[in-house]
Amino acid sequence: MTQSWRPHLHDEGDGTLRIQAHGNMKVDARIVSSKSNFDQNGDMKAIDQLVNSACLPGAVGEAWAMADWHFGYGFPIGGVVATDTNFGDEGGAISPGGVGFDINCGVRALALEATIDDVPNLKKLGGRLAGRIPAGGSGKGGVDISKQQLSDILFRGAKAAADLGFGHHDDISNLESGGMLYTEHADLSERSIARGLQSLGTLGSGNHFLEIQSVSKVVDQGCAKEWGLYEGQLVVMIHSGSRGLGHQVCTDHVRDLEQQYKLHEGIWKHEGWGFEIPDRQLAAAPLYSDAGQHYFDSMNAAANFAFANRSALSQRLRDVLRLEMGDLGETTTLYDVAHNIAKIESHTINGVDCSCCVHRKGATRAFSKGHQELPPSFQSTGQPVLVPGNMEHGSWILSGSSEGKHNAFESSCHGAGRSLSRTVAKQTLDSNVIKSRLESNGIRIYASTPNVLAEEAPEAYKNVDSVIEMTKNAGLAQPVVRLQPQLVVKG
């Protein structure tokens, strides 16, 4: 595709741009951006992908790109696309590419009743955390579990982890979906199982991290008070997912589905389902077909592993904090949210209730106050929306907005979004220079993988404050507090 959507692009004047449906698009596409910001962003390949995703069979509403959109596999990262579960004979499309390879990559935020002044020795704390939190691409250093225990985790997620001592039962009410998605079979490949057995409680590499942060600014005093947040308070963000297990689940299903599509006059077609897609990386199955249900069930199992993984990481964090800070090291989980997932949800589209399969890839739920799926603690405020920025300039916590209740299927951005590819960042930036600069600014950095600081440099990401502002202007979520990094553990 060569930006054939350009003549169909319009500024809606509400913080979004619209690409009107044309060609094979089933729905319009919407981009959370101002026109000036859009014109300055050179990543138009991601918008090509957004337009392609709007061609999915059964697509409803609009195909969305969040404010942090950038190029991904098939779908743009920052993409939100929903299909009608009642479309056709077996439901609308479910696409592994619309979830991504790191199934339920997400963030947990934990709060302390302490400030940075309560940390006796930040350097010593960082050294203990770097030694206790396995990071890097190998997956080594995970907690020791049996195949039966892994099976239990695949079915029961964070609840199984807590039963095994890798997490707190008190956390569960503050996890998205209670930290457990319904899984009937968990029929994963032996390779997936093998990768899961060694990686529970590991951080991973790339953009995964554990950060100790301070609340640097409170924007919404009322909401912050409800959540027990205050200026100067220490908060920890853990960003990780389903590790090699989830990657293998996606790989297995992508490989199988892509092989079933054949190219015909520029369109990829599946003869059995009658599905047509413009890019084979969008390979999808009807939700209620055997292939669709197998992927959905396996994805949920991988998501449960990710919830359990963040629980185990939280437990390792807590062990270190207690050693270094005593009672002041106690933490409570504010929230835990998925960034890469497909979920069956009810939404109102053009005044009509719809059962939708909502793909969020590099996007997060942002449910508004009063939503029936939120626990009582968030009914009056809306859901916490956890948005990592970068390891120099900070992150944000937002609340789901009632103003944009049905926009973007109640979704929000999930981070700052990349402005440089990892390849370009490695070629143009120096990890040692970045580490020295951050530490001269009082941010302690611990990295396990060579070049990861160049790949994940602040310069490789968009301005998170601008991303938050665009998200607010589109009515998708409201800023609550801004967080400043103090200590960073990277893969």
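Looking at the stretch 413-446, which of its residues are β-branched (Val, Ile, Thr) and not in a helix (DSSP H, G or I)? Spell out how you get there, then give the answer.
Initially, the stretch 413-446 is screened for residues β-branched (Val, Ile, Thr), giving 423-424, 428, 433-434, 443, 445.
Ile443, Ile445 - these are the residues of the stretch 413-446 that are β-branched (Val, Ile, Thr) and not in a helix (DSSP H, G or I).
Does any residue of the stretch 354-364 turn out to be crowded, with 16+ Cβ neighbours inside 10 Å and assigned to a loop (DSSP other than H, G, I, E, B)?
Yes, the stretch 354-364 has at least one match.
Being in a loop (DSSP other than H, G, I, E, B), in contact (Cβ under 8 Å) with a residue 60 or more places away in the chain, surrounded by 17 or more Cβ atoms within 10 Å (Cβ to Cβ) and over 18 Å from the mean Cα position of the chain (by Cα): is that true of Glu373 here?
Considered against the rule, which asks whether it is in a loop (DSSP other than H, G, I, E, B), in contact (Cβ under 8 Å) with a residue 60 or more places away in the chain, surrounded by 17 or more Cβ atoms within 10 Å (Cβ to Cβ) and over 18 Å from the mean Cα position of the chain (by Cα), Glu373 comes out as no.
Can you pull out the residues in the stretch 164-190 that are of a type in the set (S, T, N, Q) and either out of contact with any helix residue (DSSP H, G or I) (no Cβ under 8 Å at 6 or more places or on another chain) or crowded, with 20+ Cβ neighbours inside 10 Å (or both)?
Within the stretch 164-190, Asn174, Ser177, Thr183 meet the criteria.
Six or more apart or on different chains, Cβ atoms under 8 Å: show the pairs whose first residue is in the stretch 471-485 and on the phi > 0 side of the Ramachandran plot and touching a residue at least 40 places away in the same chain (Cβ under 8 Å) and whose second is crowded, with 21+ Cβ neighbours inside 10 Å and in a helix (DSSP H, G or I).
Gly475/Asn407
So, in the stretch 191-230, exactly how many residues are closer than 30 Å to Glu392 by Cβ, aliphatic (A, V, I, L, M) and surrounded by fewer than 23 Cβ atoms within 10 Å (Cβ to Cβ)?
Of the residues in that region, 5 qualify.
Collect the residues in the stretch 110-163 that are loosely packed, with under 15 Cβ neighbours inside 10 Å, small (Gly, Ala, Ser) and within 22 Å of Asn304 (Cβ to Cβ), keeping them in residue-number order.
Selection gives Ser146 alone.
Restricting attention to the stretch 440-491, which residues are of a type in the set (Lys, Arg), at pLDDT below 95 and over 30 Å from Asp14 (Cβ atoms)?
Passing the criteria: only Lys490.
Within the set of pairs 6+ apart or on separate chains, which have a first residue in the stretch 234-254 that is basic (Lys, Arg), a second that is surrounded by 24 or more Cβ atoms within 10 Å (Cβ to Cβ) and in a helix (DSSP H, G or I), and C-beta atoms under 8 Å apart?
Partner pairs satisfying both residue conditions: Arg243/Gly196; Arg243/Ser199; Arg243/Phe305; Arg243/Ala306; Arg243/Asn309.
Of everything in the stretch 317-353 that's of a type in the set (Gly, Ala, Ser) and not in a strand (DSSP E or B), which residue is nearest to Gly79 (Cα to Cα)?
Filtering the stretch 317-353 for residues that are of a type in the set (Gly, Ala, Ser) and not in a strand (DSSP E or B), the one nearest to Gly79 (Cα to Cα) comes out as Gly351.
Would it be correct to say that Thr83 is surrounded by fewer than 20 Cβ atoms within 10 Å (Cβ to Cβ) and either out of contact with any Gly (no Cβ under 6 Å at 6 or more places or on another chain) or of a type outside the set (A, V, I, L, M, F, W, C) (or both)? First the steps, then the outcome.
Working: surrounded by fewer than 20 Cβ atoms within 10 Å (Cβ to Cβ): no; either out of contact with any Gly (no Cβ under 6 Å at 6 or more places or on another chain) or of a type outside the set (A, V, I, L, M, F, W, C) (or both): yes.
Against the criterion (surrounded by fewer than 20 Cβ atoms within 10 Å (Cβ to Cβ) and either out of contact with any Gly (no Cβ under 6 Å at 6 or more places or on another chain) or of a type outside the set (A, V, I, L, M, F, W, C) (or both)), Thr83 does not qualify.
Quick check on my filter: what residues within the stretch 88-131 are acidic (Asp, Glu), farther than 21 Å from Gly167 by Cα and in contact (Cβ under 8 Å) with a residue 24 or more places away in the chain? Steps first, please.
From the stretch 88-131, those acidic (Asp, Glu) are 89-90, 102, 113, 117-118; that's our starting set.
When the remaining residues are screened for being farther than 21 Å from Gly167 by Cα, the result is 89-90, 102, 117-118.
Answer for the stretch 88-131, where residues must be acidic (Asp, Glu), farther than 21 Å from Gly167 by Cα and in contact (Cβ under 8 Å) with a residue 24 or more places away in the chain: Asp89, Glu90, Asp102, Asp118.
Restricting attention to the stretch 17-38, does a residue exist that is surrounded by 24 or more Cβ atoms within 10 Å (Cβ to Cβ), in contact with a Leu (Cβ under 7 Å, 6 or more places away or on another chain) and either at pLDDT below 95 or outside any strand (DSSP E or B) (or both)?
Yes; the residues of the stretch 17-38 include at least one that is surrounded by 24 or more Cβ atoms within 10 Å (Cβ to Cβ), in contact with a Leu (Cβ under 7 Å, 6 or more places away or on another chain) and either at pLDDT below 95 or outside any strand (DSSP E or B) (or both).
Residues Ile77, Ile47: which one is surrounded by 23 or more Cβ atoms within 10 Å (Cβ to Cβ), in contact (Cβ under 8 Å) with a residue 24 or more places away in the chain, within 15 Å of Val467 (Cα to Cα) and among the β-branched types (Val, Ile, Thr)?
Going through Ile77, Ile47 in turn, the sole match is Ile77.
The values are calculated or read from the model by the stated rules, or taken from the named source; none is laboratory data. Nothing here was measured: the structure is a model prediction, and the numbers come from that model. As a convention, Cβ positions derive from the backbone with ideal geometry for all residues, glycine included, and neighbour counts pool all protein chains shown.
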